[in-house]
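Following: one structure in structure tokens, then a few remarks.
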Amino acid sequence: MSLRSGFARLLRKQADAALQVPKPGHSVALVGAPLSRGQKRRGVEHGPGAIRGAGLTQRLLGLGCRVYDFGDLNFTQVPNDELYNNLVKYPRSVGLASQVLADAVSGAVAAGHSCVTIGGDHSLALGAISGHTRQCPHLCVIWVDAHADINTPLTTQSGNLHGQPVSFLLRELQDKMPQLPGFSWLKPCLSAPDIVYIGLRDVDPAEYYILKNYDIQYFSMRDIDRLGIQKVMEKTFEHLMGRRQRPVHLSFDIDAFDPSLAPATGTPVLGGLTYREGMYIAEEIHNTGMLSAIDLVEVNPLLGASQEEVKATASLAVDVIATCFGQTREGAHTVFDELPTPSSPDESESEEQVRI
């Protein structure tokens, strides 16, 4: 049995067992994806452990979710993984890891779970979204990030694949995409109208060209300042689900937040989302009732200047995920049907006087 098929079989077995004892709330599969070859900074592979350590499972259980943590996937480091075009780094390793993750996410969704992929760098999104579309071919994507991550292998300036995942997924860009070693399995699964960006503020020239010329909907931080986050979310859902309800895949890079809130990440950019704006995005996605999968990426424990910065960044990631599953700023409450009454009858006025 292969690793991928065995993982998918385990997911289905767990989901079948869960269905025998109905419980309230979501059934959530946690999949750790310690993928780090999509970028240059070491440490992001420790992101899944940091997010778990910040209490993710306990928070979801407290919201009434059934949680199945399948641990971290094992990604094979391909030996002699040479640069593509003398620039693109680790294409075979990232391609193979993305295939493993695609199979895992597909299996989780097929088993009836909402799949939460905790990373790891943002190149993992091409595998997570590819796997999700196998089960939900008409899904839509909300990409919350400081960066567009839509360079092609021929326009990238850094060569890092975490800045390129969306270009692999879009059908409209396939005539601009070379065949990278390790990616022969991947088929484009999204069209430009299927994705909306929120929080952009560091976009490369080629990415700006793609966003404009392929009519991709995005809301920069300037747009958020101008419109307000409520209007941004209204426009997002009108664009993605104005004609029909469909599953939502949220791909959330922790660097969407301002670095003062999320310092332990690899490519921080000033002027990001406030805590309130980030939570409002997650609340509104939850309120659609259509959330099907989440990526939470780019938490890097090695880049915090102190343990407090690492904890703050990981705790913020937990807040985003928990809010997507129903945590509210009014508090996370269990079902409360009625107020309790005194267990003994009230004393009459005369009895009260005697007692006094």
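Just so you know, all these numbers are worked out from the coordinates, no wet-lab data involved. Treat the numbers as computed from the prediction; the structure is a model and nothing was measured. In this analysis, Cβ positions are derived from the backbone assuming ideal geometry, glycine residues included, and neighbour counts consider all displayed protein chains.
From the alpha carbon centroid of segment 249-312 to that of segment 109-161 is 15 Å. If both residues of a DSSP beta bridge must be in segment 3-355, then about 5% of such bridges are antiparallel.
Take 82-89, 280-287, 295-302, 205-212 and order them by the average number of nearby Cβ atoms within 10 Å per residue, most first; the result is 295-302, 280-287, 205-212, 82-89. Local charge for L291 was computed over the other residues whose Cβ lies under 14 Å away, with Lys and Arg +1 and Asp and Glu -1, and equals -2. Close lysine pairs were tallied over the chain: pairs 8 or more places apart or on different chains with Cα atoms under 23 Å apart number 9. Which angle between 0 and 90 degrees, to the nearest 10, do you get for helix 91-110 versus the longest principal axis of the chain when only C-alpha atoms count? Rounded to the nearest ten degrees, it is 40. The calculated FRET efficiency for the pair Q157 and L270, based on their C-beta separation and a Förster distance of 25 Å, comes to about 0.80.
Computed about its Cα centre, the charge dipole of the chain is approximately 1560 debye, with only Lys, Arg, Asp and Glu carrying charge at their Cβ.
Taking Cβ atoms as reference points and 10 Å as the exclusive limit, the residues near G32 contribute a net charge of -2, counting Lys and Arg as +1 and Asp and Glu as -1. The list (1) 165; (2) 180; (3) 134 gives values of volume of the Cα convex hull per residue in Å³, and only one came from this structure; which label was calculated from it? Entry (2). Between helix 124-135 and the chain there is an angle of about 70 degrees, using the helix long axis and the longest principal axis of the Cα atoms.
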